[in-house]
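The values are calculated or read from the model by the stated rules, or taken from the named source; none is laboratory data. This one's a predicted model, so the numbers in the text were calculated from it and none came from an experiment. Please note: Cβ atoms are built from the backbone with ideal geometry, for glycine as well, and neighbour counts cover all protein chains shown.
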Ligand SMILES: Cc1cc2nc3c(=O)[nH]c(=O)nc-3n(C[C@H](O)[C@H](O)[C@H](O)COP(=O)(O)OP(=O)(O)OC[C@H]3O[C@@H](n4cnc5c(N)ncnc54)[C@H](O)[C@@H]3O)c2cc1C
């Protein structure tokens, strides 16, 4: 892949920043079980601002780097689990900024997007609903949260689940059924947070701890939103979810590729220094081969990400391609992280290095933004349709 000069230059600065400034924070005690504290997040962001690297994938004139450029920059930001937070390239903000940039009105961009790009406001994306309520999960058409028009306002009621970063966010994008109970029509609404009508029932205790605010169960009770806070157009929520989903899936792949690249560096260092049975571990086939397999998997991940980014850059929605990339990369990176742990023996499962965190946290990536099985199921349907046509 021939990256642009611009992407190479930004990525080099991002990598230098992550390696020299961010990595020393990895053992900071302000990392809680529900993510880095707001104080730590603010301190890291200020460092990125000082380095002229806040939100490096969006240029000062507001334009967005091409997806193929983002691929390189976000990969470098992911070299530390704290990198995306510091640089404002983390989920869900990165996907929310992309969506707002694509479909927000000029006023909405000024009010909601500008503070996000500046790194002054975090955001949350409210789509998934609790399984216990029979709400939307893998199947978004099970959306239960209702939006009902009342004069000039929409009144929203429902519950949401796994909402990343809701605790502490200033901007929310809420997906609700603006049709009828019988006829689903989804709309996205922009909200200022916090709002008393959006109540955090509890922050879940999850396998990961790198997202500020963690992941919350939310009750939405009589939330009143003026009609001009509809994001884009009424009833277009599912179309906009598609606009957000393909790039957002791919940016997860990019950040996690960075994290696993670093895990491989750490495991390699261990295997070259540590000896057993008279020679360095790496000279034992049982250790050298997994590292070689990682090298192959890492390159394959890079290639499929760059391929999919190229499809998005051509203006396509890239739904099929991003499904393929998401499955291939999330599954391969999970294997890579697991091999890194094994190569490092007991040290691999300690918090002495980030390998333990990468292994633990990457597990969820096989579930969010579409579980592997759902992508395969949707690809299989496309294969069948294409076969019928042929
Ligand atoms: C860490 C994390 C962060 C998240 N952040 C957000 C967020 O910020 N905002 C938000 O809205 N959501 C968020 N989510 C929710 C995420 O998008 C959902 O977990 C995901 O869509 C799956 O829905 P579910 O958990 O309800 O699983 P379910 O729908 O209950 O599915 C359970 C399992 O069933 C299987 N399955 C489902 N359908 C099929 C099929 N057709 N064929 C074969 N197998 C199938 C899959 O293995 C799946 O994992 C987050 C989730 C996690 C884990």
Would you be able to say whether some residue in region 363-372 is away from the ligand (no atom under 16 Å from the Cβ) and under 24 Å from residue 72 (Cβ atoms)? no
For region 55-103, how many residues are closer than 18 Å to residue 244 by Cα, more than 16 Å from the ligand (Cβ to nearest atom) and outside any loop (DSSP other than H, G, I, E, B)? 11
Right, residue 144: in the same structural domain as residue 222 (by TED's automatic domain parsing), out of contact with any strand residue (DSSP E or B) (no Cβ under 7 Å at 6 or more places or on another chain), assigned to a loop (DSSP other than H, G, I, E, B) and over 23 Å from residue 252 (Cα atoms) or not? no
Quick check on my filter: what residues within region 197-209 are more than 10 Å from the ligand (Cβ to nearest atom) and surrounded by fewer than 22 Cβ atoms within 10 Å (Cβ to Cβ)? 197, 199, 200, 201, 202, 203, 205, 209
Residues of region 14-51 classified as in a loop (DSSP other than H, G, I, E, B) and in contact with a helix residue (DSSP H, G or I) (Cβ under 8 Å, 6 or more places away or on another chain), total: 3
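Residues checked against (1) in contact with a helix residue (DSSP H, G or I) (Cβ under 9 Å, 6 or more places away or on another chain); (2) over 22 Å from residue 245 (Cα atoms); (3) buried (at least 19 other Cβ atoms within 10 Å of the Cβ); (4) at pLDDT 95 or above:
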{"site": "133", "(1), (2), (3), (4)": "no, yes, no, yes"}
{"site": "142", "(1), (2), (3), (4)": "no, no, no, yes"}
{"site": "155", "(1), (2), (3), (4)": "no, yes, no, yes"}
{"site": "160", "(1), (2), (3), (4)": "no, no, yes, yes"}
{"site": "167", "(1), (2), (3), (4)": "no, yes, yes, yes"}
{"site": "175", "(1), (2), (3), (4)": "yes, no, yes, yes"}
{"site": "194", "(1), (2), (3), (4)": "no, yes, no, yes"}
Of the numbered conditions (1) touching a helix residue (DSSP H, G or I) at 6+ places or on another chain (Cβ under 8 Å); (2) part of a helix (DSSP H, G or I); (3) touching a residue at least 60 places away in the same chain (Cβ under 8 Å), residue 357 fails exactly one; give the number of that condition. (1)
What is the one condition in (1) in contact (Cβ under 8 Å) with a residue 12 or more places away in the chain; (2) surrounded by fewer than 16 Cβ atoms within 10 Å (Cβ to Cβ); (3) more than 16 Å from the ligand (Cβ to nearest atom) that residue 350 does not satisfy? (1)
Counting only residues in region 110-131 that are in contact with a helix residue (DSSP H, G or I) (Cβ under 8 Å, 6 or more places away or on another chain) and either without any contact (Cβ under 8 Å) to a residue 12 or more places away in the chain or assigned to a loop (DSSP other than H, G, I, E, B) (or both), the one surrounded by the fewest Cβ atoms within 10 Å (Cβ to Cβ) is identified as 121
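Could we say that residue 248 is under 20 Å from the mean Cα position of the chain (by Cα), in contact (Cβ under 8 Å) with a residue 12 or more places away in the chain and within 21 Å of residue 121 (Cα to Cα) here? Quick ask: steps written out before the conclusion?
Values: under 20 Å from the mean Cα position of the chain (by Cα): yes; in contact (Cβ under 8 Å) with a residue 12 or more places away in the chain: yes; within 21 Å of residue 121 (Cα to Cα): yes.
Here the answer is yes, as residue 248 does meet what is asked.
For (1) farther than 18 Å from residue 255 by Cα; (2) buried (at least 22 other Cβ atoms within 10 Å of the Cβ); (3) free of Cβ contacts under 8 Å to residues at least 40 places away in the same chain, each residue gets a yes or a no:
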site: 14; (1), (2), (3): no, yes, no
site: 21; (1), (2), (3): no, no, no
site: 34; (1), (2), (3): yes, no, no
site: 74; (1), (2), (3): no, yes, no
site: 77; (1), (2), (3): no, yes, no
site: 82; (1), (2), (3): no, yes, no
site: 89; (1), (2), (3): no, yes, no
Is it the case, given these coordinates, that residue 323 is within 16 Å of the ligand (Cβ to nearest atom), farther than 29 Å from residue 280 by Cβ and either without any contact (Cβ under 8 Å) to a residue 12 or more places away in the chain or crowded, with 20+ Cβ neighbours inside 10 Å (or both)? yes
With the condition kept exactly as written, say whether any residue in region 188-196 is under 22 Å from residue 103 (Cα atoms), more than 10 Å from the ligand (Cβ to nearest atom), over 25 Å from the mean Cα position of the chain (by Cα) and not in a loop (DSSP other than H, G, I, E, B). no
